[in-house]
Amino acid sequence: MGTIYIIKGRDNGAIYSLTDEPCIIGRSEKCSVKLDDDRVSGAHLRISRTPDATTFTAEDTKSTNGTWINGRALTVPSELANGDKIELGSTVIEFTTMTFDSVDAAKAAREGTAFTAPPTMMEDRNRSF
């Protein structure tokens, strides 16, 4: 399985376990992961288990502002690797292949990790020069 951590944005600190069911991320109440981010589309991103169940793929669902993985635009479904940073709107999500028995265990696994997310692509574009 896998886990996603919200590491930047209004939902910073939230943790979600991924399952065999597709995970839809966006602003809509119907999403598996609902984000409080005005720059995120209603249904912005889909994370799905691969058919052979060995990993997960990320797919931008024709969002208005786009999605980036590790700073590269997500234009076609792409396989996720442990530690990938996914940017959508002002939110940054970290993907891990690790699975935990509880949210507390997932939080504990991140303790001691001093990571500061860099500016998102949206923030970088809107910076004055």
Would you mind finding the one in T67, T3, T55 that is among the polar types (S, T, N, Q), farther than 24 Å from E111 by Cβ, touching a strand residue (DSSP E or B) at 6+ places or on another chain (Cβ under 7 Å) and surrounded by 19 or more Cβ atoms within 10 Å (Cβ to Cβ)? T67
Going through region 2-57 one residue at a time, which ones are on the phi > 0 side of the Ramachandran plot and among the aliphatic types (A, V, I, L, M)? A53
Being modelled with pLDDT of 85 or more and under 20 Å from D11 (Cβ atoms), is that true of even one residue in region 102-113? no
Name the single residue, out of those in region 114-123 being among the aliphatic types (A, V, I, L, M) and either surrounded by 13 or more Cβ atoms within 10 Å (Cβ to Cβ) or at pLDDT 75 or above (or both), that is nearest to N65 (Cα to Cα). M122
Quick one: which of S32, S28, S63 is polar (S, T, N, Q), out of contact with any helix residue (DSSP H, G or I) (no Cβ under 6 Å at 6 or more places or on another chain) and within 15 Å of S90 (Cβ to Cβ)? S63
Taking D20 as the residue in question, decide whether it is in contact (Cβ under 8 Å) with a residue 24 or more places away in the chain, over 25 Å from E111 (Cα atoms) and in a loop (DSSP other than H, G, I, E, B). yes
Take T99 and tell me if it is farther than 15 Å from I6 by Cα, free of Cβ contacts under 8 Å to residues at least 40 places away in the same chain and either surrounded by fewer than 16 Cβ atoms within 10 Å (Cβ to Cβ) or in contact with a Lys or Arg (Cβ under 9 Å, 6 or more places away or on another chain) (or both). no
If you go through region 36-47 one residue at a time, do you hit one that is modelled with pLDDT of 95 or more, within 16 Å of T96 (Cα to Cα) and open to solvent by less than 70 Å² (accessible area, probe 1.4 Å)? yes
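The values are calculated or read from the model by the stated rules, or taken from the named source; none is laboratory data. It should be emphasised that the depicted structure is a prediction, and the values quoted were computed from it without experimental measurement. Note that we place each Cβ from the backbone using ideal geometry, even for glycine, and neighbour counts take in every protein chain shown. Surface accessibility is based on the protein's heavy atoms, side chains included, excluding ligands, DNA and RNA. Shrake-Rupley method; radii C 1.70, N 1.55, O 1.52, S 1.80 Å.
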